[in-house]
Amino acid sequence: MEDFQPKIEAFVCTYCTYTAADMAGSQRLQYPSTVRVVKYLCTGKVEIVHILKAFEAGADAVFVGG
Amino acid sequence: METKGNLGTGNKIGAIAVIGGGISGIQASLDAANSGFKVFLIESNTSIGGVMAQLDKTFPTNDCSTCMISPKLIEVAKHPNIEIISYADVLDISGPPGNFSVKIKKKARYVDENKCVGCGICASKCPKKVPDAFNRGLGKRKAIYVSFPQAVPLIYTIDKENCIYFKNGRCRACEKFCENNAIDFAQQDEIIEIGAGTIILAPGFETFDASIRGEYGYGRYPNVITSIEYERILSAGGPSQGHIQRPSDSQVPKRIAWIQCVGSRDASMGRGYCSYVCCMYAIKQAVISKEHDREIDTCIFYIDIRAQGKGFDRYFERARSESGVRFVRSMISRVVENPISHNLEINYIDESGEIRTEEFDMVILSVGLSPNQAFQDLARKLEVELNQFGFCESRGLELVSTSRPGFFVCGVFQSPKDIPETVLQGSSAAAEAMGFLADVRGTMVAEEVYPEERDVRGEEPRIGVFVCHCGINIAGVVDVKAVSEFAKTLSHVVFADNYLFACSTDTQEEMKKIIKEHKLNRVVVASCSPRTHEPLFQDTLREAGLNKYLFEMANIRDQNSWVHANEKENATEKAKDLVRMSVARAALLEPLHEVPFNVVQKGLVVGGGLAGLTAALTLAEQGYETYLIERSADLGGNARTLYYTEEGARPSEYLKDLVQKVKDNRFIRVYTNAEVIDCSGHVGRFTSTISVNGKKEEISYGVAIVATGGEEYKPKEYLYGENNKVLTQRELEERLASCDEGLKNIKDLVMIQCVGSRDDEHPYCSRVCCTEAVKNALKLKELNPKVNIYVLYRDIRTFGFKEFYYKKARENGVRFIRYEADKKPQVREVDGILQIVVYDPNLRSDIELKADILTLSAAIRPHSDSKSLATVFKLPCDQDGFFLEAHLKLRPLDFTNAGFFLCGLAHGPKFADESVAQAKGAASRACTILSKAQMYVGGAVAQVDGSRCVACLTCVRTCPYNVPRLDEEEGVIYIDTAACQGCGNCATACPRGAVVVAHNTDEQFLAKITALY
């Protein structure tokens, strides 16, 4: 398990977490490349089925940031 | 010499020059540009944003400053009617009001503005590091630089003083690596002239040079820093990435002290004024420090805590009781450094009178605000009158008017103030600047004409993928060619290629050609962030005849190449995944059409006091018909009994004149004995039934301004109402104004502050009472020099220039005695004489005072009728019953409900001149809607499927904007497309799946998620 790098799917709000993810970029903060971001206008729109589908597609974890 | 902007009709030019690109200049520019005026925004620095861009978080909401200002910067950058002239100084302004000529020096950047795309390769290659002024010298930048990553305009500048090539004639590394050939070492300063009808001065401020107060050791002791430097240390974008470190050893300081009033309230420095913001920013910095690390001990040394703004006192109380910030009321005379540990020693007298010595790891000096020094000479040359400190003089109650006709002022250059005040003054100055030019509105603005959109319905998706190198920002990490080759293998993709800079003008032209040649009906751009670049690409689609909603972006820079710089292969694979996800979603995108409707270009103002009258007159002066509704029989409100201000203005006389102007104005229809009964419609088109003298009438309007005012609290304490010698400040003012004979013979007058304010039930400060007490005390001293006046107070909050009058009152012998919240004064009547006993914390004993008159500084409460209006318009109120603005910081005049604005006491306690400024500002905000003949609604908003809706009202409860309403006839929910903000909360909450948000459908999300890996 030592080399295990979880695939993390991030569902994020465009106003806060997406902006923060961009800011991480402008500061060149490094994080694992297995993170994928899907932008929502508001995480209020994240449906349970979206989360389940992400797992089905192969995600090891889902992060909702809003 | 280049001449621009002289194409206005007649003598007046429909353009406004805004000098200064801080938050006030930005707000003024956006309001004017959104109301049909051309704006030249002139900024002396390389980019706009001012001091707000340097701040970490802001009080009282602890919102991130950059996150708040960035969207404004982007809006300015992409606004077709705003021309930013940055890195430029105004040299002179000539001509008459309405037709000014502004002479500007554009300083050489040595970078071609039209070629630089802000990729930053030059700076990464530049070998010269210099102290970074944006980080107040705490970090380093290169000799070619942008001030901060979100800078607008995002154009690099060579700092000639430090550039190796300019010094030694060798290097030119930036030129070698710039793939757009934007470096131009031969560039010269350029003089240009622009024409503008009116001028808005917003040159802002700088902070006090703390090294002048040598006793605090700033500049000598490394761990003594200024508050603005600490903002940079706290900021995630700052020199230590937001980790709190002290300069001497980069260790986390465990004991931090703040010293207040450094360069404020200090007559010995020639700076007798209060800087308004320091108490609150120090509290905020202490609270944020505690959030970073609970173990940090924070201590603020202060004279009075000035928490006079909306929500400030609660913030202060929370800092004390919940965050555990220590507050010590003590003037600090010096800081002593331990030269080995670089720790700092402070001596002070504590509340029990003991002298204490305490050691701190870091000391922060809360430095005051000074007017922009570089602007002083120009202001004098322009014959704009300044006060003794170099701030701009206002005219009476009109804070944004200057001594020179056609010139208006806003922000800290007018007086020290916080961000919301600055923003509302920006709007207010815009209202004045536009009012003068109302007849040439729309003459200088360009409306973009797009070709007719191609109907793509029924077509198979034909997707084009454009992959961007962003110089080496992306291509240095990601194999972009491999990504575009990969894109070609995806279904529906008929074109894919990669470009050096997808956003550059030539690529945009190329993109339009390709869209047409390949009959593309969906476009995916894999480049930077949609936050900054989506509007640009959407515009290109429109120019190519495609609906803008047929666009999708993959962020392979900010969220890929930049954050996985050491994992090149993985980053390339991730870029492919992101493109695959975007393509999957793009295939399901549908064109959406925003439908136009005609705006009712009329305003409604509710409330006929000072604020309401000003708002109505401002709208009318802009040329818009306005309904003014007043519940009582007469116009005027509270200001009728405001006889004088501390500065000598006469609000009640100003009001009389204002009422006459309103009555005489043919655009204003005044209804007294009237109220609004209902409201339907949406922004740009509302309808209300109003009741006038009991008769009902229907009116239509596009915007509504709420100015329902406030009222003085009628005290239940201190024998008010029982003893006729107990008055409120307003009652005393009435007697003073009429030179009441009785007042000439009294011996002792006592005033009690904070009556009904800052208590458990009403934990807010009423803002005006301290100044009112000082004003009335001075007036009484004039009338009766022998009278003894005692003011019993908790903190004296005479902010800004009001501090003079506090000082003057002390000089005239008015005695100020502090009392503590838990030891309120006791008032008794003994043998017909009023006796007041108060515990003096300095003497640590009770004092007994006799009073011929006791004056109570009674709180300001919201008007009792405001609740019912809130229900009619569905507007939010705060905990204290005042109306609640959309955002405490950047939207102080707007409601979240589109089309509604607020001003005056309805918003919170304030002075008459502040109400006038706010009312003009609210009118300015309203003009951004009223100036449009047509507005568009729809697009990415919620739609209800009536056949599935069971009217369970879940969406009604969920919507943060109060948009869904029950259509009682149909028995289903109706969502007004004009009011919907598209957040999608309702769609998720709906148990029947009856609500769909266009452009954010489940199918579209699922397509993207399914294409993840």
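Taking amide H atoms as placed 1.01 Å from N in the peptide plane, the amide H of B:Ile973 lies under 5 Å from those of B:Ala951, B:Asp967, each 5 or more residues away in sequence or on another chain. What separates the Cα centres of region B:590-620 and region B:431-446 is a distance of 17 Å. Each distinct pair of alpha carbons in region B:778-886 adds a 1/r term; the inverse of their mean, the Kirkwood radius, is 17.2 Å. Taking a Cβ cut-off of under 10 Å around A:Glu9, the surrounding Lys, Arg, Asp and Glu residues balance to a net charge of +2, with basic ones at +1 and acidic ones at -1.
Return one number: the angle in degrees, 0 to 90 and rounded to the nearest 10, between the long axis of the Cα atoms of helix B:65-78 and the longest principal axis of the Cα atoms of chain B. For B:65-78 against chain B, the angle is about 60 degrees.
Provide A:Asp60, B:Asp657 in ascending order of the number of other Cβ atoms located within 10 Å of each residue's Cβ, fewest first. Intermediate results must be reported in sequence, preceding the final value.
Values: A:Asp60 13, B:Asp657 9.
In order of increasing Cβ crowding within 10 Å: B:Asp657, A:Asp60.
Cα centroid separation, region B:477-505 to region B:868-888: 50 Å. On the beta carbon distance between B:Arg220 and A:Gln27, with R0 = 51 Å, the FRET formula returns roughly 0.95. The mean of 1/r over all distinct Cα pairs in region A:13-65, once inverted, gives the Kirkwood hydrodynamic radius of 12.2 Å.
Relative contact order of chain B, please, whole-number percent, based on alpha carbon pairs below 8 angstrom and at least 6 residues apart.
On the way: 2330 pairs, mean separation 112.2, N = 1013.
For chain B, the relative contact order is 11 percent.
3J(HN,Hα) along region B:86-98: 9, 6, 9, 10, 6, 9, 6, 9, 10, x, x, x, x Hz, from the Karplus curve 6.51 cos²θ - 1.76 cosθ + 1.60 with θ = phi - 60°, whole Hz, x for Gly and Pro. Values of log10 I(q)/I(0) for region B:410-501 across q = 0.14 Å⁻¹ run -0.75, by the Debye formula with one identical scatterer at each alpha carbon and no solvent. Taking the helices alone, chain B has a mean residue ellipticity at 222 nm of -7500 deg cm²/dmol, built from -39,500 (n - 2.57) per DSSP H run of at least 4 residues and averaged over all its residues. In region A:13-65, a dipole from Cβ-located charges (positive for Lys and Arg, negative for Asp and Glu) runs towards its positive end, and of A:Pro32, A:Thr19, A:Val49 it is A:Thr19 whose Cα lies farthest in that direction.
Near B:Pro253, once Lys and Arg are set to +1 and Asp and Glu to -1 for all other residues with Cβ below 12 Å from its Cβ, the sum equals -3.
Counting only C-alpha contacts under 8 Å and six or more residues apart, can you give the relative contact order of region A:13-65 as a whole percent? Working shown, then result.
Values: 22 pairs, mean separation 23.0, N = 53.
With pairs under 8 Å counted, the relative contact order is 43 percent.
With neighbour counts taken as other beta-carbon atoms within 10 Å, the residues B:Leu617, B:Leu424 rank, fewest first, as B:Leu617, B:Leu424.
Highest mean first, the peptides B:512-521, B:184-193, B:492-501 sorted by other C-beta atoms within 10 Å per residue fall in the order B:492-501, B:512-521, B:184-193. Relative to the longest principal axis of the Cα atoms of chain B, the long axis of helix B:23-33 lies at roughly 60 degrees. Here region B:953-983 and region B:242-289 have alpha carbon centers that stand 47 Å from each other.
How big is the charge dipole of region B:367-510 about its Cα centre, in debye rounded to the nearest 20, if each Lys and Arg gets +1 on its Cβ and each Asp and Glu gets -1 on its Cβ?
Details: 11 positive and 22 negative charges, 102 e Å.
So the dipole magnitude of region B:367-510 works out to roughly 480 debye.
Modelled this way, with points 7 Å down the Cα-to-C-beta line, the labels at A:Phe55 and B:His292 are 3.9 nm from one another. Each of the peptides B:301-309, B:452-460, B:866-874, B:434-442 was scored by the mean count of other Cβ atoms within 10 Å over its residues; in descending order, highest first, they stand as B:301-309, B:434-442, B:866-874, B:452-460.
Please compute the net charge surrounding B:Asp577, taking Lys and Arg as +1 and Asp and Glu as -1 over other residues with Cβ under 12 Å from its Cβ. Can you show the working numbers first?
On the way: positive: A:Lys7, A:Arg36, B:Lys574, B:Lys576, B:Arg580, B:Lys1008; negative: A:Glu9, B:Glu573.
Residues near B:Asp577 contribute +4 overall.
For region B:206-338, the share of DSSP beta bridges that are antiparallel, to the nearest 5, is 10%. Note on B:Asp657 and B:Ile303: the extension gain reaches 123.4 nm, defined as 0.36 nm multiplied by sequence separation minus the Cα-Cα distance. What is the helix-to-structure angle for B:912-930, meaning the angle in degrees between its Cα long axis and the longest Cα principal axis of chain B, kept from 0 to 90 and rounded to the nearest 10? Taking Cα atoms only, the helix is inclined about 20 degrees. As a rough footprinting exposure proxy, the listed residues B:Phe327, B:Phe901, B:Phe208 were ranked by other beta carbons within 10 Å of their own, and the order from fewest upward is B:Phe327, B:Phe208, B:Phe901.
In region B:689-786, Rg over Rh equals 1.15, where Rg is the alpha-carbon radius of gyration and Rh the Kirkwood radius from pairwise Cα distances.
When the chain is fully extended, how far beyond the present Cα-Cα distance does B:Asp209 get from B:Ser845, taking 0.36 nm per residue of separation? All intermediate terms of the calculation are to be shown ahead of the outcome.
On the way: separation 636, 0.36 × 636 = 228.96 nm, distance 4.04 nm.
Contour length minus Cα-Cα distance gives 224.9 nm.
When +1 charges are put on Lys and Arg Cβ atoms and -1 charges on Asp and Glu Cβ atoms, the dipole computed for chain A relative to its Cα centre reaches about 280 debye. Derived scalar couplings between HN and Hα for region B:897-905 equal 6, 4, x, 10, 9, 9, 7, x, 5 Hz in order, rounded to whole Hz, by the Karplus curve 6.51 cos²θ - 1.76 cosθ + 1.60 (θ = phi - 60°), x for Gly and Pro. Pairwise Cα separations in region B:868-945 fall into 10 Å bins from 0 onward with the following percentages, short to long: 17, 43, 30, 10, 1, 0. Working note: Cα atoms of the protein assembly as shown, range along each principal axis, descending, whole Å: 99, 81, 66.
Taking amide H as placed 1.01 Å from N in the peptide plane, the amide H of B:Ala554 sits under 5 Å from that of B:Val525, B:Ala526, B:Ser527, each at least 5 places away or on another chain.
Hey, can you grab everything whose amide H is under 5 Å from the amide H of B:Val605? Only 5+ residues off in sequence or another chain; H modelled, so Pro and N-termini drop out. Those qualifying (amide H under 5 Å, at least 5 residues apart or on another chain) are B:Tyr627, B:Leu628, B:Ile629, B:Ile705.
Rounded to the nearest whole Hz, the Karplus-based 3J(HN,Hα) values (6.51 cos²θ - 1.76 cosθ + 1.60, θ = phi - 60°) of region B:845-862 follow the sequence 7, 6, 10, 10, 10, 10, 9, 6, 9, 10, 10, 9, 7, 7, 5, 9, 10, x, with x at glycine and proline. What's the Kirkwood radius of chain B in Å, using all Cα pairs? Value: 31.1 Å, from the Cα pair sum. Taking the Cα centre of chain B as origin and assigning +1 to Lys and Arg Cβ atoms and -1 to Asp and Glu Cβ atoms, the resulting dipole is close to 1160 debye.
Rule-based calculations on the coordinates, nothing more; no lab input. What you are looking at is a predicted structure, and each value in this text was computed from that prediction instead of being measured. FYI the Cβ positions are ideal-geometry reconstructions off the backbone, even for glycines, and counts take in every protein chain you see.
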